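See structure below.
The values are calculated or read from the model by the stated rules, or taken from the named source; none is laboratory data. Here the structure is a predicted model, which means the values were calculated and not measured. Positions of Cβ are generated from backbone atoms using ideal geometry, with glycine treated the same way; all protein chains shown enter the neighbour counts. Note: areas computed on protein heavy atoms with side chains; ligands, DNA, RNA excluded. Shrake-Rupley method; radii C 1.70, N 1.55, O 1.52, S 1.80 Å.
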Amino acid sequence: MRKHLKAGKLLRRVAFGAVLLTALLGYAQREQVFTTRDKAFFADPKTVSFVRPGLVLKIVGTEVKADGSLRAHFTLTDPKGLPLDRDGIVTPGSVSTSFMAAYIPAGQTQYVNLTTRVQTSPITNTSATQGGTDSGGTYEKVADGEYWYNFKTKLPATDDPKATHTVGAYSSRNLSEFDLGTQYSDAVYNFVPSGGAVTVTRAVVNTANCNQCHDPLSAHGGARKSVELCVLCHNPQSKDPDTGNTIDFPVMVHKIHRGSSLPSVVAGGKYQIIGFNNSVNDYSTVTSPTDVRNCAICHVALTGQVKLVQQDAWYKANRAACGACHDNVNFATGENHVDLPQVSDNQCSQCHIPQGELEFDASILGAHTIPEKSRDLPGTVFGMVKVDDGTAGKKPTVTFTLKDKAGKPILPSEMTRFALVLAGPTADYASYVSEDARKATGSNGTYSWTFANALAADAKGTFTIGAEGYRNVTLLPGTKKEMLVRDAGANTTISFAVGGTPLAARRKIVDIAKCNTCHTSLSLHGGNRNQIEQCVLCHNPNTTDVGTRPAALAPAQSV
């Protein structure tokens, strides 16, 4: 028998009782661990102290016997580390757990699931093998919060003992009787049956990257919360027998995120996965919050995160991942692939190298270049200097700068669109005017514009002027891929006090950085509006869509 245990993870049973008592006494005084996304955040402190809501599942070791029997050593605690009774007798709320096992064959990068099921479609009457959870296993209790799970599934006689094996588990704790809902947790544990260090893992995407938008990531009722667990079942061996679609993680996730812009969907088709109880999951209307060519948002580890083992996997072309988004390509016939059949992945990287000499070429980075983010755009940079005559009844004059990212002056007349927006007061913007400022006067990158609209005679408070606009730039001129791209500047604002009142910035309740965790670079109205400070100038309580709403669809709606 071989044991695979992480050092220091086993509980010290001799001191267990004393530690538990001490922890319980201090529980109510310990640091709050819940956020506004948790019901416990709003619950009565006495209830929280008694129930100890939350759930943390950890797998701390495994054992493999000579006959291939497998078992996993795991703990259940609350978020503060206090043990939970799986049966819900000693501590409130029973905890259910499900286990699975998979391995990565030598020379490969994806898992093969050892715990599988056969799913038969009532629609097509065909069957498919899918990765799933172990069924029929047994539990052994070591102490409250500490258990062993004995798999019914055994490692096959042909199992490679030197390959990376992974045990995964997901769990749920039902606290609905306390009006605290259900908490979820999952975990994985990597080991090599023959002993020794784990040198091969699958780490292409971090869960933290997913949680930039999916906060938190959850699937199948909420119990599966990490990419590390998802890929154990969502691998090439698994498919949906109802639709015939694979549920391999890189294929399925790429297709889901492209959704409505998949070539097959644009052509009138649908992208669906039929799941548990014949539930139809239609992703044909999904629109990604960021440009789908922005591969790095998922594949590059976030600041502070450990670099992914396979972080550069997206540089390596293969038919499955590439064909997921480009699903009008027929690799067998060469249709939509420059009439070139591709019988394996062996030659993909000959053409699709990581990065070429030009953007928009056949390289991975080139093919996924977002035109508005091209390195060849000169850039447009606005700057605000000062406001003169910013008093009631007068027409304000704003001095601003207009340059490219290298500091070279841009003439206002060179802009395809350039507008200055005046709004106020900042206590809650009530009205605005927008003026075409391409005839602003000045030189060497510094210009001034006097508004045609005067401030009201009784104007008071702080007013704001914001700049927005772009110029059209031709990329790859004279080539087959010549394109006209909007080179928009980041909105810049300046505020000034009117009527003798003190300068007061508008309240800040939204941060563009938070928007951009999902949107990467939030930009609306043709790229003109890309900063919250600019958006709120027009999107104020008094503005409606009356100017564009057809009379038949009245009444007008607030924007």
So for the pair K481, K162, with labels modelled 7 Å out along Cα→Cβ, what separation do we get in nm? 4.3 nm
Calculate the length of the line joining the C-alpha centroid of region 291-320 to that of region 206-270, in whole Å. 16 Å
On the full set of protein chains, 1.4 Å probe, figure out the accessible area of T492 and give it in Å² to the nearest 10. 40 Å²
Do any cysteines in the chain lack another Cys Cβ under 4.7 Å, and if so which? C210, C230, C233, C295, C298, C322, C325, C348, C351, C515, C535, C538
Between region 111-148 and region 454-476, what is the separation of their alpha carbon centroids in Å? 60 Å
Which semi-axis lengths, in whole Å and largest first, follow from the square roots of five times the eigenvalues of the Cα gyration tensor of region 462-559? 30, 22, 14
Please identify the longest segment of the chain free of exposed GluC sites (Glu not before Pro), where exposed means a DSSP state other than H, G, I, E or B and no more than 10 other Cβ atoms within 10 Å. 32-356
For V398, V280, the accessible-area ranking with a 1.4 Å probe, largest leading, is V280, V398
Residues other than G275 with Cβ under 11 Å of its Cβ, Lys/Arg counted +1 and Asp/Glu -1, net out at -2
Which one is right for this structure if Rg and Dmax of the Cα atoms in Å is calculated from it: [x] 23.3, 74; [y] 27.0, 77; [z] 29.7, 91? [z]
What lysines sit close enough to K405 to cross-link, taking a C-alpha to C-alpha distance under 18 Å and skipping anything fewer than 8 places away on the same chain? K373
Can you find, among Y283, T380, T47, the residue farthest towards the positive end of the dipole of the chain? Put +1 on the C-beta of Lys and Arg, -1 on that of Asp and Glu. T47
Mind listing which trypsin sites (Lys or Arg not before Pro) in region 106-197 are in a DSSP loop and have 15 or fewer other Cβ atoms within 10 Å? K152, K154, K162
Starting from the Cα of K439, draw a straight line to each of the aspartates and glutamates and keep only those under 12 Å, dropping any in the same chain fewer than 8 residues away. E414
Options A551, G390, G61, ranked by Cα towards positive dipole end of the chain, top entry (Cβ charges): G61
Can you flag which of K58/K80; K65/K152; K46/K80; K408/K481; K154/K307; K316/K481 are past 22 Å Cα-Cα? K408/K481; K154/K307; K316/K481
